[in-house]
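Have a look at the structure below before the remarks.
The values are calculated or read from the model by the stated rules, or taken from the named source; none is laboratory data. Every value quoted in this text rests on a predicted model; they were computed, and no experiment measured them. Using ideal geometry, Cβ is built from the backbone for each residue, glycine included, and neighbour counts are taken over all protein chains shown.
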Amino acid sequence: MSLTPPFVARVLQRQGLISPEQEEIIVKEARDLAHHAASARSYEQKAPAYELIQTLNLPNLREPSRVIDEHTIAQALAADAGHEHVRIDTLSLDADLIESKMSRPFARRHRMIPLAMRNGRLRVACANPFDIEGLDSFRRIADRELEVVVASEPEILRAITEFYGLRHSVKRAQQDLVANVDLGNLEQLVRMKSESEIESSDQHVVNAVEYMLQHAFESRASDIHIEPQRDVSLIRFRIDGVLHDVQTMPKVVHRAVISRLKTMSRLDIAEKRRPQDGRFKTHRGGAEVELRVSTLPVAFGEKVVMRIFDPEVLTQDLTGLGFYADELNLFQDFIRRPHGIILVTGPTGSGKTTTLYSALKAIATRELNVTTIEDPIEMVDDTFNQTAVQPKVGITFASALRHILRQDPDVIMVG
């Protein structure tokens, strides 16, 4: 049974999440879109049910303040099939288990991914619990009894892309670099080639970097660490203030990835003895994301740490910052007072920058002159007047603050 819009609509209606009238809206929308396909039947086989239903923004009858989203659909499918609904944490995926049990083409075709072994049974997340043929095929391939759970189709596809994409690119880069690249001349090789001249052997390194960045964005990481160890290199993400192991790389790929990141950041790829700092920009969907890059020589090579400045993460509604209700009311009262100081402290990755920018966005209006002194400016926002500390030209926190006091400020952020 395919997850066509009419089928999913029936499930949502059976579970009391939409009305019969809303079900008909979904069916009509699917029918209208079918006219643009080769035939109604071809559309039935390929209809993007999740995407179509989400774009309609139908109210959830059980929770009127919410709309039908991907997780609501997954929960309905799970309940209808009698299975548990789960959210996939890509950082907790068992890499060895996935590689040994399921190929990437099979995972994409059947929209499923193994999660873990539990009491002798293989726990597998699928988007379509009614895909009996696919589940039976996987049961035979894995030679295990399955514990089937349900996750949303977009979530499973993201997990497949992030896991198989990064792991596959690292392996292919290792094979090609070992076969084709003299490590002693790797820096010269990267330097000599412009991005438009990248050959297939280098493209796997580019892909590995791109998958790593997209994985970090999807995980809402604040920092990416690439740490050389004695035999391998370790990729770690800082999420909610805690570092999580994500992937290991062979040393040969580590050097290629570091050279790629240096090139993107316009750093000297031949310089390995001194720390370097740089920046580059990339895209997440349609939004521009900036990354600050820091290199540091350590015992087994060069370590790189990238701080991610994602506007979607850096500025949020204050209600999304994790305050308890009474704390939120107190904080909102504080930031709107005409006088006083608010001190924001915490360890690396704890959310200081996000809290500060979100607070400024909450109070910044045309009636207020909001000015910042930053080292460095972590996100450019035309709502504020932002000044960067530049000691070489005499702009320090102290000197900048003296001059800003002559600029008729209402709010000053120092950090």
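LEU291 meets the stated requirement of being in contact with a Phe, Trp or Tyr (Cβ under 7 Å, 6 or more places away or on another chain) and touching a residue at least 24 places away in the same chain (Cβ under 8 Å). Checked against (1) in contact (Cβ under 8 Å) with a residue 40 or more places away in the chain; (2) among the β-branched types (Val, Ile, Thr); (3) buried (at least 16 other Cβ atoms within 10 Å of the Cβ), VAL298 meets all criteria but (3). Selection of helices (runs of 4 or more DSSP H) fully inside the range 36-101 by the criterion of at least 3 residues being crowded, with 16+ Cβ neighbours inside 10 Å and modelled with pLDDT under 90 returns 49-55, 95-101.
When the range 328-383 is filtered for residues that are assigned to a loop (DSSP other than H, G, I, E, B), surrounded by 11 or more Cβ atoms within 10 Å (Cβ to Cβ) and among the hydroxyl-bearing types (Ser, Thr, Tyr), the ones remaining, listed by number, are THR348, SER350, THR383.
Does ILE404 satisfy being free of Cβ contacts under 8 Å to residues at least 24 places away in the same chain and assigned by TED's automatic domain parsing to the domain that holds GLY322? Spell out how you get there, then give the answer.
Working: free of Cβ contacts under 8 Å to residues at least 24 places away in the same chain: no; assigned by TED's automatic domain parsing to the domain that holds GLY322: yes.
So ILE404 does not fit the description; no.
Considering each residue of the range 255-280, count those that are part of a loop (DSSP other than H, G, I, E, B) and either within 20 Å of LEU234 (Cα to Cα) or over 23 Å from the mean Cα position of the chain (by Cα) (or both), and give that number.
To start, the set of residues in the range 255-280 that are part of a loop (DSSP other than H, G, I, E, B) comprises 265-275.
Now restrict to residues that are either within 20 Å of LEU234 (Cα to Cα) or over 23 Å from the mean Cα position of the chain (by Cα) (or both): 266-275.
Counting residues in the range 255-280 that are part of a loop (DSSP other than H, G, I, E, B) and either within 20 Å of LEU234 (Cα to Cα) or over 23 Å from the mean Cα position of the chain (by Cα) (or both) gives 10.
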